[in-house]
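To start, the structure under review is shown below, and the notes come after it.
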Amino acid sequence: MSRAAVLCGLGGALPGTVVSNDELAAQLDTTDRWIRTRTGIGSRHVVEPGEATSDLAVDAGRRALESARRAAGAPAAADAAVDVVVVATSTPDRLCPATAPSVAHRLGLGHVPAFDVAAVCTGFVYALATAASMIVAGLAERALVIGADTFSTILDPADRTTRAIFGDGAGAVVLRAGEHDEPGALLGFDLGSDGGGADLITMRAGGSRQRSSGEEPAEGDQYFAMEGRQVFTAAVLKMSESSQRLLDRLGWDRHRLDRVVAHQANVRILHAVAEQLGLEEKQIVVNLDRVGNTVAASIPLAMADAVAAGSLAPGHRVLLTGFGGGLTWGSTALVWPDLEPVTDDPA
Ligand code: COA
C-alpha cells in the first residue's frame with residue numbers, strides 16, 4: 001500500500017462582524033440586487049480594527065485539531081501534536097516574518113516547522129499539496145494546514161466592486177499519514193501558474209519593486225485591485241481545465257463525481273465551471289452567499305458548511321479546485337471521510 005496524506009480534521013472561523021449588502025449600499029453606489037444577481041453574495045464577515053489574520057487562523061486551527069480528535073475518538077485532553085504548520089495567506093500579519101510560526105506558537109504546538117504559502121485564492125490547495133508532499137516523503141506524520149485571509153484590511157473603502165466581493169475568514173484541516181485507499185486520502189494534485197497575468201489581481205505598493213524605486217506609491221496603489229471581467233473568464237477556464245486534467249489523471253469519469261468544492265469567487269463562475277465539467281449546479285458546493293470570497297479560507301470554509309448542510313457526506317467523491325492571483329490554479333480529489341467539522345468553540 002502506498003503512503004498518502006489523509007484528511008482527518010476540519011475547522012473554520014469567521015470574525016463576528018457581518019456586513020450585509022444593504023449596509024454596503026448605504027455607503028457606496030451599489031444595491032443589494034446588483035450584488036446578489038451579479039455575484040450571488042448576500043453578506044460577508046469582516047475583522048474589526050486590531051483583529052489580524054493570525055487571530056482567525058488560530059481559531060480555525062484549534063477547531064480543526066478538535067475535529068481531528070473527535071474523528072479519532074480521542075478524549076478532549078488528548079495530544080493535538082502535529083509535525084508541521086502551513087498557513088496559506090496573502091494578508092499576513094506582517095510582511096516579515098511569516099504568520100505561521102506565531103500561529104503554531106499560540107496553538108501550543110511546540111517548535112515545529114511553520115511557514116506561509118502565498119498563492120492568493122489558490123493558497124489553500126497549494127498549501128495542501130505542500131503539506132501532503134511532506135507527509136508522503138516521510139518528513140511529517142501530521143500536518144495542520146490553514147487558509148486565512150483578511151482582505152477587508154487591504155480593500156479601497158471606496159471600491160464598490162471589491163468591497164462587495166471579499167470577506168474575511170479562516171479554514172483549516174488536519175492531515176495525517178495513511179494509506180492511499182482510505183477515505184480522506186488526497187489522491188493527486190494538478191497545480192499551475194501564469195505570471196503573465198500578475199497584474200490582473202494585485203497590490204502594487206508595499207513590496208520590493210515599489211520600495212526599491214524610492215518613490216512614493218501612486219494614489220490607490222496601496223489597495224488591492226483586480227480586473228474583474230478578465231479574472232472571471234480566467235477563473236472559469238483554469239478551474240475547469242485543472243479539474244478535467246485531474247479527473248483524467250485519476251481515471252475518474254465525471255459521472256462518478258459527487259461534489260465539487262470550488263473557490264467561492266462568484267456564483268456565476270461556479271455555475272459556469274459546473275457547465276464546463278458537464279455537472280449539475282447542485283453538485284457544486286456554494287456558501288459564498290453568506291461569506292463572500294474569503295480568499296485562502298474559501299475552500300475549507302465551503303467544505304465545513306457543506307458537511308453541516310448535509311450536502312457533503314462520507315463516501316462522496318469530491319474534487320477541490322481553486323483559482324487566484326498570480327495567476328495560479330490547482331485541484332485535488334478525495335473520497336469524503338467521516339468527520340465532524342468544528343466551526344464554533346465548544347461551550
Ligand atoms: N454595484 C453596482 N455596480 C457595480 C458594482 C457594484 N458593487 N461593481 C461593479 N459595478 C459596475 C461596473 O462598474 C460596471 O459599470 P460600467 O458598465 O458603467 O463600467 C458594471 O457594473 C458592469 O461591470 P462588469 O465588470 O461587466 O460586471 P460583471 O458582471 O463582470 O461583474 C464582477 C463584475 C467583479 C462581479 C465579476 O466580473 C467578477 O466576479 N469577477 C471575478 C472577480 C473575482 O472573482 N475575483 C477574485 C478571483 S480569485
Check the range 272-283 and report whether any residue there is closer than 15 Å to residue 318 by Cβ and within 15 Å of the ligand (Cβ to nearest atom).
yes
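Of these, 241, 216, which one is at pLDDT below 95, more than 30 Å from residue 19 (Cβ to Cβ) and either more than 16 Å from the ligand (Cβ to nearest atom) or surrounded by 13 or more Cβ atoms within 10 Å (Cβ to Cβ) (or both)? I'd like the intermediate steps shown before the answer.
Numbers: 241 fails: at pLDDT below 95.
Sole residue among the options that is at pLDDT below 95, more than 30 Å from residue 19 (Cβ to Cβ) and either more than 16 Å from the ligand (Cβ to nearest atom) or surrounded by 13 or more Cβ atoms within 10 Å (Cβ to Cβ) (or both): 216.
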Looking at residue 205, is it among the aliphatic types (A, V, I, L, M), at pLDDT below 95 and surrounded by 13 or more Cβ atoms within 10 Å (Cβ to Cβ)?
yes
I'd like to check something: does the range 249-270 contain any residue that is modelled with pLDDT under 95 and among the acidic types (Asp, Glu)?
yes
Could you tell me which numbered condition residue 35 fails, if it satisfies all but one of (1) touching a helix residue (DSSP H, G or I) at 6+ places or on another chain (Cβ under 9 Å); (2) modelled with pLDDT of 95 or more; (3) surrounded by fewer than 24 Cβ atoms within 10 Å (Cβ to Cβ)?
(3)
First in the range 148-171 and open to solvent by 30 Å² or more (accessible area, probe 1.4 Å), second anywhere and within 8 Å of the ligand (Cβ to nearest atom) and assigned to a loop (DSSP other than H, G, I, E, B), Cβ under 8 Å, 6 or more apart
158/28; 160/28; 160/29; 160/30; 163/28
Odd one out for residue 297, checked against (1) within 18 Å of residue 147 (Cβ to Cβ); (2) away from the ligand (no atom under 16 Å from the Cβ); (3) open to solvent by less than 10 Å² (accessible area, probe 1.4 Å)
(2)
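Are any of the residues in the range 109-117 of a type outside the set (Asp, Glu) and closer than 23 Å to residue 263 by Cα? Outline the logic, then answer.
We begin by selecting, within the range 109-117, every residue of a type outside the set (Asp, Glu); these are 109-115, 117.
Right, trim to closer than 23 Å to residue 263 by Cα and you get 115, 117.
Yes, that holds for at least one residue.
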Look at residue 57 and say whether it is outside any loop (DSSP other than H, G, I, E, B), buried (at least 19 other Cβ atoms within 10 Å of the Cβ) and in contact with a strand residue (DSSP E or B) (Cβ under 9 Å, 6 or more places away or on another chain).
yes
Just to be sure before I move on: is residue 260 closer than 23 Å to residue 43 by Cα, buried (at least 18 other Cβ atoms within 10 Å of the Cβ) and more than 12 Å from the ligand (Cβ to nearest atom) in the structure I sent?
yes
Residue list for the range 1-36, filter: near the ligand (Cβ under 9 Å from one of its atoms) and of a type in the set (Ser, Thr, Tyr):
30, 31
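Could you grab me the full set of residues in the range 157-182 that are within 17 Å of residue 300 (Cα to Cα) and away from the ligand (no atom under 14 Å from the Cβ)?
Going through the range 157-182, the residues within 17 Å of residue 300 (Cα to Cα) turn out to be 166-176.
The answer is 168, 169, 170, 171, 172, 173, 174, 175, 176.
Just the residues that are more than 24 Å from residue 248 (Cα to Cα) and either acidic (Asp, Glu) or outside any loop (DSSP other than H, G, I, E, B) (or both), please, taken from the range 301-323. Before the answer, list the steps.
Of the range 301-323, the ones more than 24 Å from residue 248 (Cα to Cα) are 301-302, 304-311.
Those that are more than 24 Å from residue 248 (Cα to Cα) and either acidic (Asp, Glu) or outside any loop (DSSP other than H, G, I, E, B) (or both): 301, 302, 304, 305, 306, 307, 308.
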Pick from the range 81-99 the residues that are more than 23 Å from residue 323 (Cβ to Cβ) and in contact (Cβ under 8 Å) with a residue 12 or more places away in the chain: which of them is farthest from the chain's Cα centre (by Cα)?
81
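The values are calculated or read from the model by the stated rules, or taken from the named source; none is laboratory data. Bear in mind the structure is a predicted one, so any value in this text is a computation, not a measurement. All Cβ positions, even for glycine, are placed from backbone atoms using ideal geometry, and neighbour counts span all protein chains on display. Heavy atoms of the whole protein, side chains included, go into the accessibility calculation; ligands, DNA and RNA do not. Shrake-Rupley method; radii C 1.70, N 1.55, O 1.52, S 1.80 Å.
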